[in-house]
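Taking it in order: structure first as structure tokens, then the write-up.
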Amino acid sequence: MQSTQVFPLAADWLDLLTAEQQKRVRQDVLIEQVAAGTVVERKGEPVQSWLGVLDGLAKVSVGTADGRLVSFTGIPPGGWLGEGSLLKREKRKYDVVALRESVVARMPAATFNWLLDTSIPFNRYLLVQMNERLSQFIGRSEYRLLDPDARVARHVAELFNPLLYPGTGSRLAINQEEIGYLAGVSRQRANQALHRLEAAGLLTVGYGAIQVNDLDGLRRFGG
DNA sequence: GCATTAACCACCG
DNA sequence: CGGTGGTTAATGC
């Protein structure tokens, strides 16, 4: 199930490319619609493409051999990932799973490398993205020390990071179970945290969605 | 005390 | 109808 037809390609880096480069990208990138629960990429497989989430929500998880989750990230629409493994030509180091029905894009390694060789703006984009991700990763280590309300606040804020996920507006379709999963709390506790954050005027809770009103406030909440 | 799981049921789309 | 959310009760750390 793939089409190279019209793609409302959620990728702001596309604008950084020349017309010729955009043309090749559109030709080479494969788009695929996947059902909820689909394992888009499995840990250990050779990396052949750069992955983009165009619609839906994907999770990236890293676990130990016994299956225990060590790290876990949500990728909303507009997020692209896997450039690290692609650059090092190594095997994928994590599982990528669609949390719900999603649309994913794959850019072949050859195209990715060609862009690296021909587009300085694209390199700059990657540099910014990788730096931002590193900063996010380091910051997350202190989440464990925070209470559940603050953990939820920060994980929600991460999903709205404009540098990593430019396609995400102020509203994101994500249910409370998924938020709980991201923040490492139960659905009930996530629900409670969301309402406290709403009472603090930081976000608005909708049906199967949240709307962020104060991104900085969320990042700062509880600490 | 606080969080978790399980279970309801009401409501939204 | 299925999915989501608000709530409660029982149990554990």
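Read-outs: derived from the displayed coordinates by stated rules, not from any lab. What you see is a predicted model, and the numbers here were worked out from it, not measured in a lab. Note that each Cβ is placed from the backbone with ideal geometry, even for glycine, and that neighbours are counted across all protein chains shown.
In summary, the helical segments of chain A meeting the span-like criteria, namely a full DSSP H run, a Cα extent along the axis of 27 angstrom or more and a mean Kyte-Doolittle hydropathy of at least -0.5, are A:120-140. Reducing segment A:168-223 and segment A:84-151 to their Cα centroids gives an inter-centroid distance of 23 Å.
Largest GNM mean-square fluctuation across A:46, A:76, A:148, computed for chain A with C-alpha springs under 10 Å, falls on A:46.
If you count Lys pairs in chain A whose Cα atoms are under 16 Å apart, skipping same-chain pairs closer than 8 places in sequence, the total is 5. At most 15 other Cβ atoms within 10 Å plus a DSSP loop assignment makes a site exposed; report the longest stretch of chain A without any exposed trypsin sites (Lys or Arg not before Pro). It works out to A:94-223. In a Gaussian network model over chain A where Cα atoms closer than 10 Å are linked, find which of A:32, A:45, A:178 has the largest mean-square fluctuation. Evaluated over chain A, the most mobile residue of the options is A:45. When +1 charges are put on Lys and Arg Cβ atoms and -1 charges on Asp and Glu Cβ atoms, the dipole computed for segment A:121-163 relative to its Cα centre reaches about 160 debye.
State the extension gain, in nm to one decimal, for the chain segment bounded by residue A:198 and residue A:101, taking 0.36 nm per residue of separation less the distance between their alpha-carbons. Don't jump to the answer; show the numbers that get you there.
On the way: separation 97, 0.36 × 97 = 34.92 nm, distance 2.73 nm.
Full extension of this stretch gives 32.2 nm more.
Within a Cβ distance under 13 Å of residue A:123, other residues only, what is the Lys/Arg minus Asp/Glu net charge? So the surrounding residues net to -1.
Dipole size in debye (nearest 20) for chain A around its Cα centre, Lys and Arg Cβ +1, Asp and Glu Cβ -1?
It comes to approximately 440 debye.
Close amide H pairs (under 5 Å, H built 1.01 Å from N) link residue A:50 with A:107, A:109, residues at least 5 positions away or on another chain. Compared with the alpha-carbon gap, the fully stretched path from residue A:36 to residue A:87 is longer by 15.5 nm at 0.36 nm per residue. Taking a ≥ b ≥ c as the square roots of the Cα gyration tensor eigenvalues, with a/c under 1.5 meaning rounded and otherwise prolate when a/b beats b/c, else oblate, which class fits chain A? Verdict is prolate for chain A. When the helices of chain A are scored as -39500 (n - 2.57) per DSSP H run of n ≥ 4 and the total is divided over every residue, the value at 222 nm lands at -11500 deg cm²/dmol.
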